[in-house]
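See below for the structure under consideration.
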Amino acid sequence: MTVHGMETVAPKLAELTDQVLFGDVWQRPGLSPRERSLATVSALVALYRLEQLPFHLRRARDNGVSREELAELITHLAFYAGWPSAASAVNLLKQMEE
């Protein structure tokens, strides 16, 4: 589940990502995978963490979030996270479809 290549550069980080983040945190019963995806995409947009965003946009789609819902989420975040963050996120969402 880790980002491609992480295991060759930082094997412990890759292990923690797989076992703790995706193996434990993402599996906890308090939120559905869909809700976790919405929260994660929101945090990445708000913090302008564009490098991780494409992975989590795809994961959100896999977790049942529609493209339209992601676009609406990003539009909503423009007012809270800033226009540049939202515009960049929309560009990444668009690239997923190309």
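The values are calculated or read from the model by the stated rules, or taken from the named source; none is laboratory data. Fair warning: this is a prediction, and the values are worked out from it, not measured in the lab. Neighbour counts are summed over all protein chains in view; Cβ atoms, including those assigned to glycine, are modelled from backbone coordinates with ideal geometry.
Quick rundown of the values:
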{"read-out": "Checking MET96 against (1) modelled with pLDDT of 95 or more; (2) assigned to a helix (DSSP H, G or I), the condition it does not meet", "value": "(1)"}
{"read-out": "Which listed residue, of ALA86, ALA46, ALA71, is aliphatic (A, V, I, L, M), surrounded by 16 or more Cβ atoms within 10 Å (Cβ to Cβ) and outside the structural domain of MET6 (by TED's automatic domain parsing)", "value": "ALA86"}
{"read-out": "Residue ranges of helices (runs of 4 or more DSSP H) in segment 1-57 with at least 3 members charged (D, E, K, R)", "value": "33-46"}
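Residues checked against (1) farther than 18 Å from ALA87 by Cα; (2) surrounded by fewer than 13 Cβ atoms within 10 Å (Cβ to Cβ):
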| residue | (1), (2) |
| --- | --- |
| LEU13 | yes, no |
| ASP24 | yes, yes |
| PRO29 | yes, yes |
| SER42 | no, no |
